[in-house]
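Enquirer: Encoded as structure tokens, here's the structure I'll be asking about.
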Amino acid sequence: MPAAHDEPVRYEKQGPVATVTMNRPDYRNAQNSAMTYALDRAFYRAAGDDEVKTVVLAGAGKHFSAGHDIGTPERDAHLPFERRAGLWWDHSDKEGGESRFARESEVYLGMCRRWRELPKPVIASVQGACVAGGLMLAWICDLIVASEDAFFADPVVRMGIPGVEYFAHPWVMPPRIAKEFLYTGDRMSARRAYEVGMVNRVVPREELAEQTRELALRIAGMPRLGLALTKRAVNQAEDLQGLHTGLDSVFGLHHLAHAHNAETASDALGGMDIGAMKKAGS
């Protein structure tokens, strides 16, 4: 078994609060499949533990998450994993759009939808970068506490792709703000995210963990079933406002963009690797 500091996700329980920490700080917590499935196991563990009342999702190091892993030495998108979020077949022995659609239906859209339905309150504790795929992880949480140095961005329009796979943008912020956010790819500060209603609280960096935990403990004092039913009620209201079907429809557009890139550019990402994205200003 790997040492705890080598595991892609750390799990710690203190009283009624479980803290799930992404643990690839050297790569700004870029999400490879190993991390994604480790997150899934951690969320299952928290859901099944009657002593856990609330969950905190955090990122080790300077950044919450820089998004999907598109270029670290541990990138593993080509490898098979035991599928947990849906019934699509293994992607690793398939080609082209079939492979990409099957994998992303599982590890991106499918996982995020499942985690959003965890019947306990989940609070994102966000510092530094929360970019592209990092947004998806923050957005599936019920509350977001951000440090003053946190910033949010979805620059994948530079790839010719209409936002990340879990396209919650018009629900977590007003539609015109979402369009500007996507059209420019610019960073949104924590303060601006608070102003548009995407973030619940903005706190000093050195107080982030403490204030997030205090909020988690306060919520943990509420009745478990009451919290679960309230979470379900608000999620259902979002779905009645079109979130569920909107995610499905934009997921199709997302894959149309990948297919177009594969036909007209060097790869399905439009040739935009990490270096190219940084050069473009992400």
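The values are calculated or read from the model by the stated rules, or taken from the named source; none is laboratory data. Predicted model only: the values in this text are computed from it and were never measured. Positions of Cβ are backbone-derived with ideal geometry, glycine not excepted, and every protein chain shown enters the neighbour counts. Only protein heavy atoms, including side chains, enter the accessible area calculation; ligands, DNA and RNA are left aside. Shrake-Rupley method; radii C 1.70, N 1.55, O 1.52, S 1.80 Å.
Enquirer: Tabulate in residue order the Karplus-calculated ³J(HN,Hα) for segment 125-134, using 6.51 cos²θ - 1.76 cosθ + 1.60 with θ = phi - 60°, rounded to whole Hz; enter x for Gly and Pro.
Expert: Taking θ as phi minus 60°, the curve returns 10, 10, 10, x, 7, 10, 10, 6, x, x Hz for segment 125-134.
Enquirer: Dipole magnitude of the chain about its Cα centre, charges +1 at Lys/Arg Cβ and -1 at Asp/Glu Cβ only, in debye to the nearest 20?
Expert: In total the dipole reaches around 660 debye.
Enquirer: Okay, moving on. Return the long-range amide H neighbours of GLN31 (sequence gap of 5 or more, or a different chain), with a cut-off of under 5 Å between placed amide H atoms.
Expert: For GLN31, whose amide H was placed from the backbone, the distant partners under 5 Å are GLY67, HIS68, ASP69.
Enquirer: Follow-up. Viscosity 0.692 mPa s, temperature 37 °C: give me the Stokes-Einstein translational D for the chain in µm²/s, with Rh taken as the Kirkwood radius over C-alpha pairs.
Expert: Taking Rh from Cα pairs, D becomes 172 µm²/s.
Enquirer: I would also like to ask the following. Over the Cα atoms of segment 193-255, how large are the radius of gyration and the largest Cα-Cα distance (Dmax), in Å?
Expert: Cα-based Rg and Dmax for segment 193-255 come out at 16.3, 43 Å.
Enquirer: Considering only protein heavy atoms and a probe of 1.4 Å, how much of the accessible area of segment 142-259 is carbon and sulfur, as a whole percent?
Expert: Accessible surface attributable to carbon and sulfur in segment 142-259 totals 57 percent.
Enquirer: Within the set of other residues whose C-beta is less than 14 Å from the C-beta of GLY86, count the net charge using Lys and Arg as +1 and Asp and Glu as -1.
Expert: In short, -3.
Enquirer: Students often get this wrong, so check it: of LYS120/LYS231; LYS179/LYS231; LYS62/LYS179; LYS53/LYS120; LYS62/LYS120, which have C-alpha atoms separated by over 18 Å?
Expert: LYS179/LYS231; LYS62/LYS179; LYS62/LYS120
Enquirer: Modelling each spin label as a point 7 Å along the Cα-to-Cβ direction, I'd like the GLU238/ARG218 distance in nm, to one decimal.
Expert: 2.1 nm
Enquirer: Along the charge dipole of the chain, pointing to its positive end and built from +1/-1 on Cβ of Lys, Arg, Asp and Glu, which listed residue (VAL122, SER99, GLY197) has its Cα farthest out?
Expert: GLY197
Enquirer: Sort out for me the Cα centre separation of segment 177-242 from segment 68-99, rounded to whole Å.
Expert: Each part's Cα centre sits 30 Å from the other's.
Enquirer: Could you give the spread of the C-alpha atoms of segment 51-189 along their three principal axes, from largest to smallest, in whole angstroms?
Expert: Largest to smallest, the principal-axis extents are 44, 44, 31 Å.
Enquirer: What spacing in nm lies between the two simple spin-label points modelled at TRP88 and GLN211, each 7 Å away from Cα in the Cβ direction?
Expert: 3.8 nm
Enquirer: Evaluate E = 1/(1 + (r/R0)^6) for ALA262 and TYR183, where r is the Cβ-Cβ distance and R0 equals 22 Å; express this FRET efficiency to the nearest 0.05.
Expert: Once the sixth-power term is evaluated, E becomes 0.40.
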